[in-house]
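S.K.: Please read through the structure below; I'll follow up with questions.
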Amino acid sequence: MRFTLAVALLTATLGLASPVEDNSSPVEVAVPLEARAVEAADSSPLEKRACVSNGCKCVSGLRQGQYCGACVWKGSYVITAKRNLKHIYECSSSGACCDYGTASDCNTGHGRCGPY
């Protein structure tokens, strides 16, 4: 048993005594870059939509963000006027509102309900 302990200690000591190369100087590495056409960046599957001021209103005091028509805050709907449960709205903290139109995640139980 003492022999095993002695061999283990000797092995550990020899491992520490091994010379190590000095790698303190920086090494330059070349990384290949892929060229892409400008059109590829514009082929996004998302479509930009205008936010239409249609007379909708939001609860004032909320943080600015996007809220589905089905979102509820403190027991009442976030959108207080011109609400469509399947639309997404941009609300400001003052209660101003605009409508982006239908959103697939609204009124599903997993819709965007802003940052509250």
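The values are calculated or read from the model by the stated rules, or taken from the named source; none is laboratory data. Everything quoted here is computed from the prediction, not taken from an experiment. Here the Cβ is made from the backbone with ideal geometry for all residues, glycine too, and neighbour counts use every protein chain on show. We work out accessible area using only protein heavy atoms, side chains counted, and drop any ligands, DNA or RNA first. Shrake-Rupley method; radii C 1.70, N 1.55, O 1.52, S 1.80 Å.
S.K.: How many residues does the stretch 61-104 contain that are in a strand (DSSP E or B), more than 13 Å from Cys51 (Cα to Cα) and β-branched (Val, Ile, Thr)?
M.R.: Adding up the residues that qualify gives 3.
S.K.: Answer yes or no as to whether Glu47 is open to solvent by 90 Å² or more (accessible area, probe 1.4 Å) and modelled with pLDDT under 65.
M.R.: no
S.K.: If you don't mind, another one. Residues of the stretch 54-110 being over 25 Å from the mean Cα position of the chain (by Cα), open to solvent by 10 Å² or more (accessible area, probe 1.4 Å) and of a type outside the set (Lys, Arg), which ones?
M.R.: Of everything in the stretch 54-110, those that are over 25 Å from the mean Cα position of the chain (by Cα), open to solvent by 10 Å² or more (accessible area, probe 1.4 Å) and of a type outside the set (Lys, Arg) turn out to be Asn54, Gly55, Val59, Ser60, Gly75, Ser76, Tyr77, Thr80, Ala81, Asn84, Ser94, Ala96.
S.K.: Still on this structure: Considering Glu39, Glu21, which residue is at pLDDT below 95, of a type in the set (Asp, Glu) and assigned to a loop (DSSP other than H, G, I, E, B)?
M.R.: Glu21
S.K.: If you don't mind, another one. Give all pairs with beta carbons closer than 8 Å in which a residue from the stretch 95-110 that is within 19 Å of Gln64 (Cβ to Cβ) meets a residue that is among the acidic types (Asp, Glu) and outside any loop (DSSP other than H, G, I, E, B); count only pairs at least 6 apart in sequence or on separate chains.
M.R.: Within 8 Å, the pairs are Cys97/Glu90; Cys98/Glu90; Tyr100/Glu90.
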